[in-house]
């Protein structure tokens, strides 16, 4: 779950003055939420092609 403040160039690209505006972001993917809910301890399983694992989540 990385996060932080956006780079000033990102703010400029959005048309905002970095001297006036700042921000904060949190990046949490849906796979991480499913991991917490189901107790899966390895995110790589969700991105594998193992149908035995993936079909559990229909």
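Structure data summary
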read-out: Correct choice for Cα Rg over 2.2 N^0.38 Å that was computed from the model, options (1) 1.72; (2) 1.13; (3) 1.41; value: (1)
read-out: Helix-only [θ]222 nm of the chain, DSSP H runs n ≥ 4, -39500 (n - 2.57) each, per residue, nearest 500; value: -7500 deg cm²/dmol
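Read-outs throughout are calculated quantities, based only on the coordinates presented, and are distinct from any laboratory measurement. Because the structure is predicted, anything quoted here is derived from the model rather than measured.
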